[in-house]
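Reviewing the structure listed below.
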Amino acid sequence: MRAIVTAEEHNLAGGMGSAVVEALRGVRHAPVEFVGVQDSFGRSAENYEILLQHFGLTAAAVADAVERLLQVT
């Protein structure tokens, strides 16, 4: 395993990424990158896609995170 990237529609603090790292505690694992909502206030939008774009939760953002990690490993 070269890299671990988690993506979630949730605040990063206490989210799925944290659970993954906690589950891997004590086990040697690959570098980890989290894609999710930064600690911020909520927002309303015309549609769901606008919210995904605003919070950086697009497929392109996930792909960028994967590429960044693979370049480091």
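If you model the chain as an ellipsoid using its alpha carbon gyration tensor, with each semi-axis the square root of five times an eigenvalue, the axes come out at 25, 15, 7 Å, biggest first.
Helix content alone sets the calculated 222 nm mean residue ellipticity of the chain: runs of n ≥ 4 DSSP H residues at -39500 (n - 2.57) each, divided across all residues, give -11500 deg cm²/dmol. Extension gain, residue 23 to residue 39, is 3.5 nm, computed as 0.36 nm per intervening residue step minus the present C-alpha separation.
For region 1-69, the list of trypsin sites (Lys or Arg not before Pro) that fall in a loop by DSSP and count at most 11 other C-beta atoms within 10 angstrom reads 2, 25, 28, 43.
Using a 1.4 Å probe on the protein chains only, how many percent of the accessible area of the chain belongs to carbon and sulfur? About 55 percent, which is the carbon plus sulfur part of the accessible surface.
Look at where the Cα atoms of region 53-73 and of region 26-45 average out, and the two centres are 11 Å apart. In this structure the chain gives 72 Å² per residue of accessible area when probed at 1.4 Å with all protein chains present.
The values are calculated or read from the model by the stated rules, or taken from the named source; none is laboratory data. These numbers were taken from a predicted model, which means no experiment stands behind them. Cβ coordinates were reconstructed from backbone atoms using ideal geometry, including for glycine residues, and neighbour counts include every protein chain displayed. For the accessible areas, the whole protein counts, side chains as well, though only heavy atoms, and no ligand, DNA or RNA atoms are used. Shrake-Rupley method; radii C 1.70, N 1.55, O 1.52, S 1.80 Å.
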